[in-house]
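The next block holds one structure in the form of structure tokens; read it before the comments.
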């Protein structure tokens, strides 16, 4: 069964009032029931090699979800001028699904009433190049390093796009950072069939106990 919206297993489509209580943006990520969200790598730009993941803000535990195995699809000299576009003459280290990110799909189960955020951890030539967060409070100076196009309502309506800016601090001075928010792009929800749709109750238990799954929501279409 292909879901066209966000579903609560055994309870049907959850209401807009319930969506309003959830968070999926720069203030944090939180759901009122255990929730599985699916993620798809869209594209990346820049000389860094990055990993996108989820951090539990209550425990500090980080879970990587989507990882680049190289900075871009094709080897590029970082000293070559770039116009920050997909221009053949001045490419911007373009990374695509199946190439720079061999495994472009992932999912994560968010536990009910638990505070989360996303992170983007980068390296350059094997050297740590920093980590930025989707919540401004986690970033130095309260900087905005991620934008959400759709937030929680987008999850069931074609997906929420998360656009990242990794700062490029190892390559450029702070006053030269481009802040173009295209360094790593992820779609959340709205694109994969819910893996629990039409499954038997016994099959669902393999993912978690029945008490948890009674309130499980899936995104996808």
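Shown for 122, 72, 44: other C-beta atoms within 10 Å of each C-beta, ranked fewest to most, produce the order 72, 122, 44. As a rough footprinting exposure proxy, the listed residues 38, 109, 61 were ranked by other beta carbons within 10 Å of their own, and the order from fewest upward is 61, 109, 38. The slack in the chain from residue 74 to residue 180, taken as 0.36 nm per residue of separation less the alpha-carbon distance, amounts to 36.1 nm.
So, R0 is 25 Å and r is the distance between the beta-carbons of residue 105 and residue 59; what FRET efficiency does that work out to, to 0.05? After rounding, the FRET efficiency stands at 0.45.
Read-outs: derived from the displayed coordinates by stated rules, not from any lab. All figures in this text were calculated on a predicted structure; none of them were measured in a lab. Note: ideal-geometry Cβ built from the backbone for every residue, glycine included; neighbour counts use all protein chains shown.
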